[in-house]
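Undergrad: Here's a structure for you.
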Amino acid sequence: MIENFLMIYQALPYLFKGSLITIELVGGALFLGLIIGIPMAVGQAYGNRNIATLISFYVWIFRGLPVLVLLLLFYFGLFTLIKINLPAFTAAILVLGLRSAAYQSQIFRGSIQSLGEGQMLAARSLGMSKLQTIWNIMLPQALRISIPGWSNEYSILLKDSAVTYAIGVMEILTRGNFISTRTYKPMPIFLTCAIIFLILTYGGVKLLTLLEKKVRIPGYGFERR
Amino acid sequence: MIEFSFINHILLPPLLKGVWITIKIIILSAPAGLVLGILIAVGRVYGNRIISFLCTAYTTFFRGTPLLVQLFILYYGLPSVGIFFSPFTAAAIGFILCSGAYHSEYIRGAIQSIKKGQMMAAEALGMNKFKAILYIILPQALRRAIPGCSNEITSLVQYSSLAYMVTCIELTGAGKIIANRYFKYTEVFLVIGIIYLLMVSVVTKFLDMLEKKLKIPGLG
Amino acid sequence: MPEEKKIILQVEDICKKYGKEEVLKGISFEVRKGDTKVIIGPSGTGKSTLLRCINQLTIPDKGKVWLEGEEVTHSKKSINQFRQKIGMVFQDFNLFDHLTALKNIEIGLIKVKGIKKEEAKKKAIEELRQVGLEQQANLYPAQLSGGQKQRVSIARALAMDPSVMLFDEPTSALDPELIGEVLEVIKMLAIKGMTMVLVTHEMGFARSVANEIIFMEEGKILESGPPYKLFNNPKYERTKKFLKKITELYGESDEKND
């Protein structure tokens, strides 16, 4: 029993490095998803019919395909097809990011649409252009409202990051598997991996809840019932 | 570049075998996960301290850890303590346990959104807690939970692909084997992708029809 | 002189605290067969809590309740058996939203009393007819008006053949034009001889149906007596003040004053 704990103790630094990889993966994918997702949301909410349809199609594909299939398709298939030799880590961020963009765009679109027309009308009547209104009026509010949904997206991405094991990214689970094949003690190692994920998941969500509290506008949310 | 004869003669047969395994997984795990979710949600809301705590611990673990880690524990970890599951069984158990946790959260939210008066009226008529939950609370809560639970079931259709990672040769696994042998990754995974999109669409349509059938004016 | 009527409900020294706040400070009264007792008083005096203590939806901290001679409060029998004989009508109706009007009435009969479906349906339709709503049998609560919902909920309680009916501000959540239809039904019950305890603000109605009015204030019964006495010659100044204010606010009903 003690030897189990000893082994885990010795494995921790190695797993810790894996945690850093995981965090970078998730952070990168979230960021990519954010900068693609917001314009997509704006496009769907305010763009013309063609743009909206195109975006819907993208969303349908990237939400409809399993993460594993997307990773395998891109890493083994598409990238070799266009002769790009991306390391697994970069490919993973790209794929996860593109998928996250699809989900995030829907979160933001929902928030934007829940704000209603009134504010847009008021801003336009003051003389603001559509773009100005979106940037200065709609987005600041929509982004705040989106934080709970976004926090959910974080926890989903964190768990999906483990699937990058399939293309060899050296994140937590891959490293855990590596150790277990050497020590022949899969149970304690995988449980440790699980605990590390638990900490990252709930720790991250806690942080995001704190963020939500910090940026909250007093009295907001009363009318939207 | 895309050779249709390859697709029809070499690729499709094993893929269809894989699809059949995927379908079996889904038909088994989706309802079971939902039922488990109902039990856990009821246990958490109405159970005593111990039961409620256990249900919360269960949900915390299965929602806070990746499905893949859970599958690895079930298939690679348990043998070291003497429990051996076949790949299919390990995958199915993993999916049931994991989706059960997600279902239970949707259902719990729905139960807690039911007005207290419903339980009071049921008890005032003389129903005990069990009857009140079964005949009054759950019929309403489950209807409210349909969007969330439908979401979880379509999600399960996609995550079934992870069964391949514990050597259960479902659709994705079958495809990878062929792709490895013939080095035709793009074609294979495009076809697989299309099949998954089809499956997701079918399941979504089915669940939408179910929701329409169960609709009650004024509920939800 | 008619023989003394049987005591249906007896309530003794009911006390209830919520945190530091003492909501009920020792309430005692008795209700005989055919009585209509109306409880009035300022908001927050625990009137609703009192009713819920009678059928133990809220457990009192102290005190006893007897139903037809049997003690409810510390009984070995399951409370559910007593609840079948105590009918309760809520301010918010609390109809089961997923069931039609008819099924709302049937479900208690089928699942609690164990009556067969055919019989239950017959009885349920009859109860709906009594409150004038058989046309609405297959409508869902969301499709009914407030007054209709409350009448269904009265029918639902009556279908269980209770020995006593408790009404917790049955018309307070209704739009003014819908109040009358519900009061009609309650009046009909009183005429038929149902034993009732009613919490209400409808003073005119109270005067015309009650045979005793109980005025509660700050968790205690301040005074009680027949309507003519309480309205015309109350013992306490506070009673007089409250009655005056309430009558101004809610107006008299169209009944003749006695």
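The values are calculated or read from the model by the stated rules, or taken from the named source; none is laboratory data. Quick caveat: nothing in here was measured; it's all calculated off a predicted structure. Neighbour counts run over all protein chains shown; Cβ positions are idealised from the backbone, glycine included. Just the protein is used for accessible areas: all its heavy atoms, side chains included, with ligands, DNA and RNA removed. Shrake-Rupley method; radii C 1.70, N 1.55, O 1.52, S 1.80 Å.
Undergrad: Going through the stretch B:46-70 one residue at a time, which ones are open to solvent by 40 Å² or more (accessible area, probe 1.4 Å) and over 22 Å from the mean Cα position of the chain (by Cα)?
TA: Listed by number, the residues that qualify are B:46, B:48, B:49, B:50, B:51, B:53.
Undergrad: Could you check residue A:211 against (1) at the interface with chain B (Cβ under 8 Å from one of its Cβ atoms); (2) touching a residue at least 40 places away in the same chain (Cβ under 8 Å); (3) open to solvent by 60 Å² or more (accessible area, probe 1.4 Å) and say which number it fails?
TA: Going through (1) at the interface with chain B (Cβ under 8 Å from one of its Cβ atoms); (2) touching a residue at least 40 places away in the same chain (Cβ under 8 Å); (3) open to solvent by 60 Å² or more (accessible area, probe 1.4 Å) one by one, residue A:211 breaks only (1).
Undergrad: For a quick check of your reading: which helices (runs of 4 or more DSSP H) sit entirely within the stretch B:118-220 and have at least 1 residues that are surrounded by fewer than 17 Cβ atoms within 10 Å (Cβ to Cβ) and β-branched (Val, Ile, Thr)?
TA: On the way: elements: B:129-132, B:138-159, B:171-182, B:185-214.
Of the helices (runs of 4 or more DSSP H) lying wholly inside the stretch B:118-220, those with at least 1 residues that are surrounded by fewer than 17 Cβ atoms within 10 Å (Cβ to Cβ) and β-branched (Val, Ile, Thr) span B:171-182, B:185-214.
Undergrad: Still on this model: Among the strands (runs of 3 or more DSSP E) lying completely within the stretch C:4-63, list those that include at least 2 residues that are in contact with an Asp or Glu (Cβ under 7 Å, 6 or more places away or on another chain). Break it down into steps so the answer makes sense when it comes.
TA: Numbers: elements: C:7-18, C:21-32, C:36-40.
Qualifying strands (runs of 3 or more DSSP E): C:7-18, C:21-32.
Undergrad: I'd like to know if the stretch B:99-116 contains one or more residues that are out of contact with any helix residue (DSSP H, G or I) (no Cβ under 8 Å at 6 or more places or on another chain) and free of Cβ contacts under 8 Å to residues at least 24 places away in the same chain. Don't jump to the end; show me each part of the working.
TA: Let us first name the residues in the stretch B:99-116 that are out of contact with any helix residue (DSSP H, G or I) (no Cβ under 8 Å at 6 or more places or on another chain), namely B:115-116.
Then drop every residue that is not free of Cβ contacts under 8 Å to residues at least 24 places away in the same chain, which leaves B:115-116.
Within the stretch B:99-116, one or more residues are out of contact with any helix residue (DSSP H, G or I) (no Cβ under 8 Å at 6 or more places or on another chain) and free of Cβ contacts under 8 Å to residues at least 24 places away in the same chain.
Undergrad: Considering only residues that are hydrophobic (A, V, I, L, M, F, W, C) and over 21 Å from the mean Cα position of the chain (by Cα), look in the stretch C:72-106 and name the one that is nearest to residue C:194 (Cα to Cα). Lay out the reasoning, then the answer.
TA: Going residue by residue through the stretch C:72-106, those that are hydrophobic (A, V, I, L, M, F, W, C) are C:72, C:79, C:82, C:86, C:88-90, C:93, C:95-96, C:99, C:101-102, C:105.
After this cut, where a residue has to be over 21 Å from the mean Cα position of the chain (by Cα) as well, the list is C:99, C:102.
Numbers: C:99: 27, C:102: 22 Å.
Here the residue is C:102.
Undergrad: For the stretch A:164-183, state whether one or more residues are assigned to a loop (DSSP other than H, G, I, E, B), crowded, with 18+ Cβ neighbours inside 10 Å and within 14 Å of chain B (Cβ to nearest Cβ).
TA: yes
Undergrad: Please give the helices (runs of 4 or more DSSP H) falling wholly within the stretch A:71-157 in which 1 or more residues are open to solvent by less than 50 Å² (accessible area, probe 1.4 Å) and under 30 Å from residue B:177 (Cα atoms). Spell out the reasoning first.
TA: Details: elements: A:88-114, A:118-126, A:130-133.
So the answer is A:88-114.
Undergrad: To continue, here is another question. Can you report the number of residues in the stretch C:82-105 which are more than 7 Å from every other protein chain (Cβ to nearest Cβ) and either open to solvent by less than 20 Å² (accessible area, probe 1.4 Å) or of a type in the set (S, T, N, Q) (or both)?
TA: The total comes to 11.
Undergrad: Let me ask something else. Identify all residues within the stretch C:126-154 that are over 24 Å from residue B:215 (Cβ atoms) and touching a Pro at 6+ places or on another chain (Cβ under 9 Å); write none if there are none.
TA: Matches in the stretch C:126-154: C:150, C:154.
A quick yes/no check of all residues on (1) open to solvent by 50 Å² or more (accessible area, probe 1.4 Å); (2) touching a Ser or Thr at 6+ places or on another chain (Cβ under 8 Å); (3) at pLDDT below 95:
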{"site": "C:3", "(1), (2), (3)": "yes, no, yes"}
{"site": "C:6", "(1), (2), (3)": "yes, no, yes"}
{"site": "C:17", "(1), (2), (3)": "yes, no, yes"}
{"site": "C:23", "(1), (2), (3)": "no, yes, yes"}
{"site": "C:26", "(1), (2), (3)": "no, no, yes"}
{"site": "C:42", "(1), (2), (3)": "no, no, yes"}
{"site": "C:45", "(1), (2), (3)": "no, no, yes"}
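Condition check ((1) away from every other protein chain (no Cβ under 14 Å); (2) within 24 Å of residue B:123 (Cα to Cα); (3) among the aromatic types (Phe, Trp, Tyr); (4) in contact with a Lys or Arg (Cβ under 9 Å, 6 or more places away or on another chain)) across all residues:
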site: C:24; (1), (2), (3), (4): yes, yes, no, yes
site: C:27; (1), (2), (3), (4): yes, yes, no, yes
site: C:53; (1), (2), (3), (4): no, yes, no, yes
site: C:64; (1), (2), (3), (4): yes, yes, no, no
site: C:68; (1), (2), (3), (4): yes, yes, no, yes
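Undergrad: Filter the stretch C:132-153 down to residues that are assigned to a loop (DSSP other than H, G, I, E, B) and open to solvent by less than 20 Å² (accessible area, probe 1.4 Å), then give me how many there are.
TA: Taking the stretch C:132-153 first, the residues assigned to a loop (DSSP other than H, G, I, E, B) are C:132-133, C:137-140, C:144-145.
Now drop any that are not open to solvent by less than 20 Å² (accessible area, probe 1.4 Å), which leaves C:133, C:137, C:144.
Residues meeting the conditions: 3.
Undergrad: Which of the residues belonging to the stretch B:46-70 are free of Cβ contacts under 8 Å to residues at least 24 places away in the same chain and more than 8 Å from chain A (Cβ to nearest Cβ)?
TA: B:47, B:48, B:49, B:50, B:51, B:52, B:53, B:54, B:56, B:57
Undergrad: Take the stretch B:71-82 and flag every residue that is within 10 Å of chain A (Cβ to nearest Cβ) and either among the acidic types (Asp, Glu) or open to solvent by 10 Å² or more (accessible area, probe 1.4 Å) (or both).
TA: B:73, B:74, B:75, B:76, B:78, B:79, B:80, B:81
Undergrad: Is there any pair linking a residue in the stretch A:115-143 that is polar (S, T, N, Q) to one that is assigned to a helix (DSSP H, G or I), with Cβ under 6 Å and at least six apart or on different chains, and which?
TA: As it stands, the answer is A:119/A:137; A:133/A:120; A:133/A:123, since those pairs meet every condition given.
Undergrad: In the stretch A:44-70, which residues are open to solvent by 30 Å² or more (accessible area, probe 1.4 Å) and assigned to a loop (DSSP other than H, G, I, E, B)?
TA: Of everything in the stretch A:44-70, those that are open to solvent by 30 Å² or more (accessible area, probe 1.4 Å) and assigned to a loop (DSSP other than H, G, I, E, B) turn out to be A:47, A:48.
Undergrad: Please verify whether the stretch B:18-40 includes one or more residues that are within 29 Å of residue B:146 (Cβ to Cβ), within 14 Å of chain A (Cβ to nearest Cβ) and either without any contact (Cβ under 8 Å) to a residue 24 or more places away in the chain or of a type in the set (Lys, Arg) (or both). Write out each step before concluding.
TA: Step one: filter the stretch B:18-40 for residues within 29 Å of residue B:146 (Cβ to Cβ), giving B:19-40.
From the residues that got through so far, the ones that are within 14 Å of chain A (Cβ to nearest Cβ) too are B:19, B:22, B:25-26.
Narrowing further to those that are either without any contact (Cβ under 8 Å) to a residue 24 or more places away in the chain or of a type in the set (Lys, Arg) (or both): none.
Within the stretch B:18-40, not a single residue is within 29 Å of residue B:146 (Cβ to Cβ), within 14 Å of chain A (Cβ to nearest Cβ) and either without any contact (Cβ under 8 Å) to a residue 24 or more places away in the chain or of a type in the set (Lys, Arg) (or both).
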